[in-house]
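The values are calculated or read from the model by the stated rules, or taken from the named source; none is laboratory data. Keep in mind the model is a prediction, meaning the values are calculated, not measured. With ideal geometry, Cβ positions are generated from the backbone for all residues, glycine too; neighbour counts draw on all protein chains shown.
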Amino acid sequence: MSTSACGNQHLFLVSCSCAGGDSTGRCHLTRPNFLSAWLEDFRTCQQLIAYFTLPQAASHISIMLYSIETYSSAKDIPRLVWDAFCAHPDKSNIMYPHAMKALNNVDQTASSQQFWIACFSRESLELPLSVDFVLSCTNGHLGTYPIFIFTPHAPHRLDLEFCTPRINGLVNALKDCVPQNRVFSVFAVDLVTETFANTWTLITGIKRTHVYYHAKLTYCTMQSLKPETGHPDTRGLRLAGSADISAAATLCCMFAASAKPFTLTEDQATREATHLIRAGQLWVLEVVTPEGQSDIASIVAVTRTTETVAAITKVFTNPNWRRQGCAERLTRYVCQYLLRTKSKVILYVAHNNPAAAKVYEHVGFVGLSNDDQGVQGVDSWLEFGFDPSKVTMGHW
């Protein structure tokens, strides 16, 4: 499928099983004349891919259709996608809150080039469409975001046979909408990221080069939240104010230094701290030094919220105050506050950061201990970066 400009696109996959076919188990495209009647309904399609699997013992026909649609405005996103976001607010949190802001024109400019690409499928012509994937290509206040991909399907239900043709459709639609250097990384559940990266490299020639982030998506509820144990006295757990911008910027810069390649200059860190504080999204733990001076020991940001779910990010403690329970104390306090109105607090924790996982497990985030594996809703997410010499880096 190829178009000259970004726009709505349709792609249908037909899976057929019937009594016939050659020795490979595939039938020739000229044989299934039964398709011609209903194909008349899809004359507006830009491309049709037909794939016929024909076990010799089979005697029935099953049809699977999928379509790819591109939306250049959040106002064009259909109800079906919003319903999928709402039904899976933790999995979709990586894009759902931003789409809601775009829908309400919050923090958006007229020149913002943002869009969403959705993949739908149906098992037969009689059944309604369902959402398989949603890809977002959007911008933040410090630059462009990675390509994010949400799926409502549980990871154990995804396989290459299901993902490959659908991700191929998403990649072709994306290629028609953006210059290739816009795609600096992709973040989704493991198999989806791997499939996208392989397909993008195959089509564009731009190689994936780095694993930028590999993490678990975990959550805490009021039921899983654990009570606080004893910690050193502090002066306050509170929302950050304008007087905290300088100290918060320093910690934002230090946090980003450990998240290469998404580092921040001092100016960028100040802009980020200012943005978070003005939005009421940054929490701090203020402590007292031995000299009697106040200092910001830890920060926690709450950057993606919807009606039922809030995500915390940028959990960081000044090295001068580590091993005193600061991050745990502040994270627990923020979770307690958020769970007054939300059903879940979610976060990503890197697989290679067992110290952080231990802190979050002590707070009450599930699926992080050795005895707490295979928890529903705790999934592995992967970010692949593409050749830095061929792309324009963004930030998130």
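Details
- Qualifying residue in region 204-211 (condition: more than 23 Å from the chain's Cα centre (by Cα), under 23 Å from Val391 (Cβ atoms) and among the small types (Gly, Ala, Ser)): yes
- Single residue of region 339-396 satisfying the filter (of a type in the set (Ser, Thr, Tyr) and touching an Asp or Glu at 6+ places or on another chain (Cβ under 7 Å)) that is modelled with the highest pLDDT: Ser380
- Residue list for region 259-279, filter: touching a strand residue (DSSP E or B) at 6+ places or on another chain (Cβ under 9 Å), under 18 Å from Met393 (Cα atoms) and either of a type in the set (A, V, I, L, M, F, W, C) or without any contact (Cβ under 8 Å) to a residue 60 or more places away in the chain (or both): Ala259, Lys260, Phe262
- Strands (runs of 3 or more DSSP E) (entirely within region 154-258) containing at least 3 residues that are under 23 Å from Ala84 (Cβ atoms), hydrophobic (A, V, I, L, M, F, W, C) and in contact with a strand residue (DSSP E or B) (Cβ under 7 Å, 6 or more places away or on another chain): 185-189
- Residue-level check: of (1) free of Cβ contacts under 8 Å to residues at least 60 places away in the same chain; (2) in contact with a Ser or Thr (Cβ under 7 Å, 6 or more places away or on another chain); (3) within 26 Å of Phe150 (Cβ to Cβ), Glu383 misses just (1).
- Flag if Thr218 is among the β-branched types (Val, Ile, Thr), in contact with a helix residue (DSSP H, G or I) (Cβ under 8 Å, 6 or more places away or on another chain) and within 29 Å of Tyr333 (Cα to Cα): yes
- Cβ separations smaller than 6 Å between residues 6+ apart or across chains give the following pairs from region 128-157 residues that are at pLDDT below 95 to residues that are surrounded by fewer than 22 Cβ atoms within 10 Å (Cβ to Cβ) and of a type in the set (A, V, I, L, M): Pro155/Val189.
- Any hit, region 236-249, residues being assigned by TED's automatic domain parsing to the domain that holds Ala356, within 28 Å of Thr193 (Cβ to Cβ) and either loosely packed, with under 13 Cβ neighbours inside 10 Å or not basic (Lys, Arg) (or both): no
- Residue within region 306-329 that is outside the structural domain of Tyr145 (by TED's automatic domain parsing), closer than 24 Å to Met95 by Cβ, of a type in the set (Gly, Ala, Ser) and buried (at least 20 other Cβ atoms within 10 Å of the Cβ) present: yes
- None of Glu328, Glu307 is more than 21 Å from Ala240 (Cα to Cα) and among the charged types (D, E, K, R) except Glu307.
- Within region 339-374, being in contact with a Cys (Cβ under 9 Å, 6 or more places away or on another chain) and of a type in the set (A, V, I, L, M) holds for Leu339, Val345, Ile346, Leu347, Val363, Val366.
- Annotation note: of Gln293, Gln268, the sole residue that is modelled with pLDDT of 95 or more and out of contact with any helix residue (DSSP H, G or I) (no Cβ under 7 Å at 6 or more places or on another chain) is Gln268.
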